[in-house]
Amino acid sequence: MYLRRIIVTFYLLLFLSVGAGSTVFFWQTRQEYNQLKSIEAATQRRLNEAQDRLSEQERTLQRLRNDPAYVEMIIRRRLGFAKPDEFIFRFEQ
């Protein structure tokens, strides 16, 4: 009877220690999973922002290739070009 009680106690302690170890392992794994999900969400946001910038740049490039009025506007605005007999006034702000 005493030997049986020792064996049952041993197996109970073994079961509890395996259960506690498994709980700690799964808890750490769950934390790592949550961290990876947040990293994935941040990366997805950055990807979406980069795709938005890329599509905007592609639209600008298409306008530069196909819209002479847009090209003229950009040249006048950014480079300060003027047509003959035009004057450009610049005011400091």
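The values are calculated or read from the model by the stated rules, or taken from the named source; none is laboratory data. The structure presented is a predicted model; accordingly, all values stated were derived computationally and were not measured. Ideal geometry is used to build each Cβ from the backbone, glycine not excepted, and the neighbour counts take in all protein chains shown.
Residues in region 2-18 that are loosely packed, with under 10 Cβ neighbours inside 10 Å and either touching a residue at least 40 places away in the same chain (Cβ under 8 Å) or not aliphatic (A, V, I, L, M) (or both): Tyr2, Arg4, Arg5. Condition check: modelled with pLDDT under 90, assigned to a helix (DSSP H, G or I) and either at negative phi or touching a Cys at 6+ places or on another chain (Cβ under 7 Å) (or both). Does Val8 satisfy that? Taking the combined requirement at face value, the residue satisfies it.
Here region 38-93 is the region considered, the condition is being among the aromatic types (Phe, Trp, Tyr) and assigned to a loop (DSSP other than H, G, I, E, B), and the residue that is surrounded by the most Cβ atoms within 10 Å (Cβ to Cβ) is Phe81.
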